[in-house]
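To keep things clear, I will list the structure first and then write my remarks on it.
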Amino acid sequence: MAKQIQIDLTPEEYASEAAVKRAVEKVLGRGLQAGERWQIVRRSIDCRRRHVVYHCTVEVNGESGMKNQESRVKNPVPGQPMLHSPFRVVIVGAGPAGLFAALRALQLGMKPVIVERGKPVEERKADIVGMVRTKVVNPDSNWCFGEGGAGTYSDGKLYTRSTKRGDVSEVLRLFVEHGADPDIMVDVHAHIGTDRLPAIIARMRETILSHGGEYHFNTRVVDLVVREGRVRGVVAERSDAGGPQTLHVEGDAVVLATGHSARDIYELFARRGWLLDAKPFALGVRVEHPQELINEIQYHGRGYSRLLPPATYSLTTQVAGHGVFSFCMCPGGVIVPAATAGGQQVVNGMSNAARNSAFANSGIAVTVGVEDAGCLGYLGSSPKLGEVAARRADGGVCDPLALLRFQQAVEQRVFEAAGGCIDAPSQRLVDFLERRPSSRLNKSNYMGHCVSAPLHEVLPPFVVDCLIQAFKDFDRKMHGFVTEEASLLAVESRTSSPVRIPRDRATLQHPQLQGLYPCGEGAGYAGGIVSSALDGMRCVEQLSGELYMSAN
Ligand SMILES: Cc1cc2nc3c(=O)[nH]c(=O)nc-3n(C[C@H](O)[C@H](O)[C@H](O)COP(=O)(O)OP(=O)(O)OC[C@H]3O[C@@H](n4cnc5c(N)ncnc54)[C@H](O)[C@@H]3O)c2cc1C
């Protein structure tokens with residue numbers, strides 16, 4: 001009979017199959033007989049105490065091992081006939097929210113029609129490489145825009161705290177069906193790696209097309225088609241047809257999954273007078289350390305690098321009413337320029353499956369609320385920010401785009417500090433703490449150039465104050481975190497959306513726009529690959545129910 005047991009293993013034991021078997025037998029209280037199977041079905045590394053431990057769930061005589069094998073067989077929409085319903089779902093954006101919405105639509109027999117401003121993932125790669133070389137950002141094809149969305153050239157970390165939002169294992173299963181390592185079903189802190197993601201995204205496209213879905217690439221949505229109080233589709237501009245071409249893409253419902261960098265979509269809503277809310281977000285820097293140093297701190301100097309994967313960390317603290325936290329930590333990673341238009345400088349992090357670079361990086365972000373928008377006078381010269389502050393001062397009604405303007409203004413200031421390009425303004429951590437410019441910079445794994453800049457003067461004062469206190473606290477929690485070898489790169493500003501596109505709690509539709517399902521990170525209902533994917537599936541399940549009900 002199948003049974004699950006918990007075992008704890010040292011890294012040395014974990015590396016030896018015989019030792020794992022002995023640990024299993026110890027917990028069972030008997031020897032394993034010939035023909036009995038055992039399989040680790042869940043594992044995590046615990047390095048909180050001096051002795052690093054693998055916590056493992058082992059299934060004895062179960063089916064999990066076989067399931068993992070079987071999931072390699074391509075079976076993306078099992079048991080479902082193709083397009084048995086007459087409904088067409090227009091999905092704007094081919095990021096995790098949009099792609100998983102499309103896969104769920106197919107499972108429910110509906111035709112997904114994906115409208116994506118960027119290019120297929122294979123072509124997108126050339127633009128990203130070109131962006132590093134020329135320092136010019138293509139506003140439709142970059143680290144955030146294009147097939148696979150912001151999730152493609154990412155670390156591909158697949159953990160989420162939003163387990164209440166849906167079936168995480170279904171998201172992981174679909175990744176595995178499309179070529180991800182089945183180990184992602186086992187690791188508590190699973191990741192795919194940016195070198196593997198593009199092929200997975202391309203296979204998802206094959207699935208969607210072969211099951212009757214439709215793609216419109218190079219097609220940027222610029223408006224919604226609204227008739228008789230209901231959203232019927234989108235108006236889009238196509239840029240690959242020998243000159244711009246306007247087209248209408250219509251369907252029975254529209255899932256808006258444009259991500260948190262689609263500022264033109266927020267501007268569209270503001271222009272049309274459709275409801276939007278300002279949403280607290282977070283902003284800060286990316287900190288970079290030698291990976292070996294992080295391994296030493298986290299694995300207590302035991303030189304475990306041979307037996308354990310590159311170490312991660314997760315840090316959080318409170319300073320003067322602001323949360324400060326590590327975000328998207330990439331062990332063995334690279335820092336990338338993640339701007340989506342000219343005149344901005346933004347950084348983010350990613351890593352390959354092997355996480356084998358010599359650097360660890362992580363965003364360190366400070367929460368920013370609408371109450372902070374008024375303190376932007378430090379940028380005095382920016383008319384947009386003056387406007388934000390003025391609106392708050394006279395009447396306290398917050399402009400829904402107030403925090404977006406804040407984000408934009410800081411990114412622009414950082415861009416200027418870089419000399420007007422996507423070089424990364426950088427400072428050594430120890431200099432930042434002393435509020436002095438860096439006369440020399442550490443080696444960095446930024447995909448581009450770093451330039452020395454006084455980040456303590458470039459970033460908003462409250463962000464600087466919070467970061468300084470937080471770094472001191474982090475050094476108490478992870479002794480050695482503050483070191484001559486650590487660098488800061490700016491600005492980590494795309495942590496989550498500064499705007500929410502509201503939706504009704506029950507119907508998931510925009511309160512003024514029936515038939516429109518704001519979805520994923522850009523709408524403010526998700527953060528990260530898995531939660532965005534879950535939200536995409538949830539919106540499609542909801543709209544499917546609504547369409548079938550109204551048809552009967
Ligand atoms: C470098 C980097 C590393 C990251 N690493 C991780 C990680 O390891 N783990 C994790 O969980 N998260 C990570 N993230 C965050 C994660 O990628 C996002 O949370 C996730 O992609 C959000 O999914 P989404 O589908 O809601 O939006 P997005 O992924 O942003 O997708 C939105 C899509 O909409 C398209 N679009 C935008 N505007 C329009 C328009 N007007 N018309 C048509 N199409 C439009 C865009 O081109 C894009 O393809 C990372 C992000 C970056 C940038």
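The values are calculated or read from the model by the stated rules, or taken from the named source; none is laboratory data. Source: prediction; values computed, not measured. So basically every Cβ, Gly included, is an ideal-geometry build from the backbone, and we count neighbours across all protein chains shown.
Being within 14 Å of the ligand (Cβ to nearest atom), among the aliphatic types (A, V, I, L, M) and surrounded by 21 or more Cβ atoms within 10 Å (Cβ to Cβ) is the requirement here; does A311 meet it?
So A311 does not fit the description; no.
Could you please tell me which pairs satisfy a Cβ distance under 6 Å, a separation of 6+ or placement on different chains, a first residue in the stretch 86-104 that is of a type in the set (V, I, T), and a second residue that is assigned to a helix (DSSP H, G or I)?
If the second residue must be assigned to a helix (DSSP H, G or I), the pairs left are V89/A105; I91/G98; I91/A101; I91/A102.
Among the numbered criteria (1) away from the ligand (no atom under 15 Å from the Cβ); (2) at pLDDT 95 or above; (3) within 24 Å of N442 (Cβ to Cβ); (4) surrounded by fewer than 23 Cβ atoms within 10 Å (Cβ to Cβ), which one does S305 miss?
(2)
May I ask you to verify whether A270 is more than 13 Å from the ligand (Cβ to nearest atom) and closer than 30 Å to A409 by Cβ?
yes
Condition test on G109, is it part of a loop (DSSP other than H, G, I, E, B), more than 8 Å from the ligand (Cβ to nearest atom) and not assigned by TED's automatic domain parsing to the domain that holds M329?
For G109, the condition - part of a loop (DSSP other than H, G, I, E, B), more than 8 Å from the ligand (Cβ to nearest atom) and not assigned by TED's automatic domain parsing to the domain that holds M329 - is met.
Conditions first: (1) over 29 Å from P337 (Cα atoms); (2) of a type in the set (A, V, I, L, M); (3) in contact with a Gly (Cβ under 9 Å, 6 or more places away or on another chain). L197 passes all but one, so which condition is the exception?
Looking at each condition in turn, L197 falls short on (1).
Has the stretch 321-336 got any residue that is assigned by TED's automatic domain parsing to the domain that holds F432, more than 14 Å from the ligand (Cβ to nearest atom), without any contact (Cβ under 8 Å) to a residue 60 or more places away in the chain and in a strand (DSSP E or B)?
Yes: one or more hits.
Would you be able to say whether some residue in the stretch 275-287 is under 30 Å from D183 (Cβ atoms) and either over 21 Å from the mean Cα position of the chain (by Cα) or touching a residue at least 24 places away in the same chain (Cβ under 8 Å) (or both)?
Checked against the condition, which is being under 30 Å from D183 (Cβ atoms) and either over 21 Å from the mean Cα position of the chain (by Cα) or touching a residue at least 24 places away in the same chain (Cβ under 8 Å) (or both), the stretch 275-287 yields at least one hit.
Pick from T495, T507: which is among the polar types (S, T, N, Q) and away from the ligand (no atom under 16 Å from the Cβ)?
That would be T507, the only listed residue that is among the polar types (S, T, N, Q) and away from the ligand (no atom under 16 Å from the Cβ).
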